[in-house]
Structures are given as C-alpha cells and as structure tokens.
1. Is it the case, given these coordinates, that K38 is within 14 Å of the ligand (Cβ to nearest atom) and at pLDDT 90 or above?
2. Cβ-Cβ distance below 9 Å, separation of 6 or more or different chains: which pairs start in the stretch 27-38 with a residue that is in contact (Cβ under 8 Å) with a residue 60 or more places away in the chain and end on one that is more than 10 Å from the ligand (Cβ to nearest atom) and charged (D, E, K, R)?
Amino acid sequence: MSSTKRTTPKRKCISCGKSMTQQFIGLKHCKCGMSWKKDIGYFERTPDMVFALERRVVKKSKNSIKTKQFPVIRNNGE
Ligand SMILES: [Zn+2]
C-alpha cells in the first residue's frame with residue numbers, strides 16, 4: 001500500500017541529526033542546544049537567550065487590526 005499523505009517534513013538538527021521540537025511557530029529547538037529560526041536559520045542557543053512570542057500588527061484596516069505572533073529572541077539581562 002502506498003499512501004500519499006502529505007506530512008510536513010520534520011526539521012532535522014544539523015548538529016546531531018535528530019528531529020527538532022517546535023517551540024513556537026517558526027522556531028525549533030534541539031536537545032543538543034541547536035536552534036532554528038525561520039529567518040535566521042540554524043544557530044546555537046546560549047543560556048542568555050530567551051525565546052518569546054511577540055505580537056505584531058500585520059494588517060490595519062478601518063475597524064480592525066490584525067495581529068500575528070512572531071518568535072523573537074531576547075537576551076537575558078537586557
Ligand atoms: Zn541536535
């Protein structure tokens with residue numbers, strides 16, 4: 001049997017090859033310390049990095065404002 005189910009490919013860690021877990025939309029993290037962000041790509045997470053979600057306005061019309069959550073990286077102690 002061949003099922004053509006469309007599954008979203010899991011992003012694999014470039015460091016250890018394991019599949020990464022999603023922290024937020026557009027931000028994935030691996031246990032070994034590697035992280036991946038949509039606009040940056042792979043990077044190593046340092047202890048002073050804090051992942052957070054930020055709401056941004058994506059569309060503004062007369063009566064409504066559409067916001068979307070974006071993952072952001074903040075530095076501890078800032
Ligand atoms: Zn890894």
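The values are calculated or read from the model by the stated rules, or taken from the named source; none is laboratory data. Treat the numbers as computed from the prediction; the structure is a model and nothing was measured. Every residue, glycine as well, gets a Cβ built from its backbone with ideal geometry; the counts of neighbours run over all protein chains shown.
1. Judged against the criteria, K38 is not a match.
2. The qualifying pairs do not exist here.
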